[in-house]
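One structure below.
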Amino acid sequence: MPDPSATDHDGFEVMLSVLVLAYNEEDSVGELYKEVVKVCDENHYSWEIIFIDDGSTDETPKRLAALASKDDRIRIVSFRRNYGRAAGMDAGFQRARGKVIITLDADLQDDPSEIPNFLAMIDSGYDVVSGWKKVRHDPIDKTLPSKIFNAVVSRVTGVHLHDFGCGIKAYRSESVKGLRVYGELHRFVAVLVHWRGFRVGEMVVNHRPRKFGVTKFGVERLLKGFLDLLTIMLTTRFSARPLHIFGGAGVIFGLLGFGCLLYLAILWFMDLGPIGTRPLLTLGWLLVVVGVQLVSMGLLAELVQRQGASDPLSYVVRSDNKPAPMSAPERQLAIKS
């Protein structure tokens with residue numbers, strides 16, 4: 001971790017960027033700002049706070065402007081309309097100047113006093129630390145779908161977190177450098193950085209009851225989340241080998257269809273009755289056609305992927321240091337071995 005005393009607030013190096021996502025949170029942004037200031041100043045951090053106003057229609061923009069007029073460590077990004085959390089995170093990641101980025105929701109349910117604990121875990125070697133609201137102060141219609149969703153995502157992606165949707169997280173800036181977050185992919189940032197080779201950890205955080213306003217998320221986010229999970233799997237695990245997922249599914253469908261047709265062919269050769277009116281014949285041909293189409297899609301995806309194989313964001317380099325020159329005895333030993 002960089003030395004906080006060696007940084008300043010005037011646009012050079014900032015140790016900590018606190019990214020706050022706000023949408024119609026006029027009653028809470030002022031209180032949250034005071035809590036962040038208290039924690040950061042008590043710990044002598046060099047810091048900035050970036051408020052992402054996601055198209056608020058209440059007094060949130062005015063409250064933020066009033067805060068910014070009194071503190072030059074505040075930066076405000078205001079969207080023309082409500083674009084969602086993913087767009088807000090993407091805008092914040094691109095503008096953050098800190099070595100570490102902390103994300104917070106503006107509804108005061110995330111506790112800024114956890115910031116030192118997150119920085120301690122980052123300092124211990126983690127690149128991303130996700131919060132876990134082990135004790136949640138939310139209704140069951142919000143907590144139960146989240147438990148199901150988190151369990152499925154953890155199993156499918158191999159990133160074993162208990163709470164993918166927790167708003168408070170810490171990121172080393174290099175872990176999200178070049179990462180584009182769009183749609184509803186904000187839930188899967190930890191998965192995306194994991195597949196880029198960064199180390200992801202988790203810690204239990206204090207989750208506070210909502211003090212102002214109402215939640216902005218409904219049950220429909222569960223369906224969106226599972227659809228986005230398919231997107232994540234295609235863009236991470238199978239991004240370099242799309243034929244494996246499309247071709248694999250195609251082969252399975254094709255074999256099932258071939259089995260059905262083979263069974264009917266045996267019946268026909270054994271003169272065990274007509275097969276032209278059997279629904280199994282239609283099902284068999286349908287499965288074969290679907291299998292061929294899936295394999296074809298996989299081949300086309302492979303061609304597209306090969307054309308973009310030179311994309312510099314397809315891999316992340318940890319270091320690129322030239323090895324020290326060998327002495328003559330070392331060269332001779334290397335040649336012999």
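Laboratory data are not the source of any read-out in this text; all were calculated from the coordinates shown. Because the structure is predicted, anything quoted here is derived from the model rather than measured. When we count neighbours, we look across all protein chains shown, and the Cβ atoms used for this are built from the backbone with ideal geometry, even at glycine.
Label-point separation (nm) for Ile266 and Lys177, each offset 7 Å from Cα along Cα-to-Cβ?
Once both label points are built, they end up 6.2 nm from each other.
I'd like the distance between the alpha-carbon centres of region 63-84 and region 120-147, rounded to an integer number of Å.
Their Cα centres are 26 Å away from one another.
Between Ser113 and Asp58, how many nm apart are label points set 7 Å from Cα along the C-beta direction?
Result for the modelled spin labels: 2.5 nm.
How much length is gained on full extension from Gln293 to Thr277, taking 0.36 nm per residue of separation minus their Cα-Cα distance? Write down the numbers at each step before the final one.
Values: separation 16, 0.36 × 16 = 5.76 nm, distance 2.51 nm.
Length gained, Gln293 through Thr277: 3.2 nm.
How about region 52-95: which trypsin sites (Lys or Arg not before Pro) there are in a DSSP loop, with at most 10 other Cβ atoms within 10 Å of their Cβ? Please report the intermediate quantities before stating the final value.
Working: sites: Lys62, Arg63, Lys70, Arg73, Arg75, Arg80, Arg81, Arg85, Arg95; in loops: Lys70, Arg73, Arg80, Arg81.
Sparse-neighbourhood loop trypsin sites (Lys or Arg not before Pro): Lys70, Arg80, Arg81.
Please list, in order along region 172-181, the HN-Hα scalar couplings obtained from phi with the Karplus expression 6.51 cos²θ - 1.76 cosθ + 1.60 (θ = phi - 60°), rounded to whole Hz, x for Gly and Pro.
3J(HN,Hα) across region 172-181, in whole Hz: 5, 4, 5, 6, 10, 5, x, 7, 9, 10.
Got a sec to turn the phi values of region 189-196 into Karplus ³J(HN,Hα) couplings, 6.51 cos²θ - 1.76 cosθ + 1.60 with θ = phi - 60°, whole Hz, x for Gly and Pro?
For region 189-196, the Karplus curve yields 4, 4, 5, 4, 6, 4, 6, 8 Hz.
Based on the Cβ-Cβ distance from Val135 to Phe212, what FRET efficiency comes out when R0 is 22 Å, to the nearest 0.05?
Working: r = 21 Å, r/R0 = 0.94.
Calculated transfer efficiency: 0.60.
Please compute the length gained on full extension between Leu303 and His244, using 0.36 nm multiplied by the number of residues separating them and subtracting their Cα-Cα distance.
Working: separation 59, 0.36 × 59 = 21.24 nm, distance 1.33 nm.
Taking Leu303 through His244 to full extension adds about 19.9 nm, to one decimal.
Checking the table Lys133/Lys177; Lys38/Lys133; Lys34/Lys70; Lys34/Lys177; Lys133/Lys169 against a 19 Å threshold on Cα-Cα, which pairs fail? Spell out each step's value before the answer.
Details: Lys133/Lys177 27 Å; Lys38/Lys133 23 Å; Lys34/Lys70 12 Å; Lys34/Lys177 29 Å; Lys133/Lys169 11 Å.
Lys133/Lys177; Lys38/Lys133; Lys34/Lys177, as the Cα separations exceed 19 Å there.
Using θ = phi - 60° and the Karplus curve 6.51 cos²θ - 1.76 cosθ + 1.60, what whole-Hz ³J(HN,Hα) does each residue of region 71-81 get, with Gly and Pro shown as x?
My calculation for region 71-81 gives 9, 6, 7, 8, 10, 10, 10, 10, 7, 6, 8 Hz in order.
So how far apart, in nm, are the two label points at Leu286 and Gln94 if each is 7 Å from Cα heading toward Cβ?
4.5
Classify region 15-102 from the C-alpha gyration tensor, please: rounded if a/c falls under 1.5, else prolate or oblate depending on whether a/b exceeds b/c. All intermediate terms of the calculation are to be shown ahead of the outcome.
Details: a/c = 2.10, a/b = 1.30, b/c = 1.62.
Cα axes put region 15-102 in the oblate bin.
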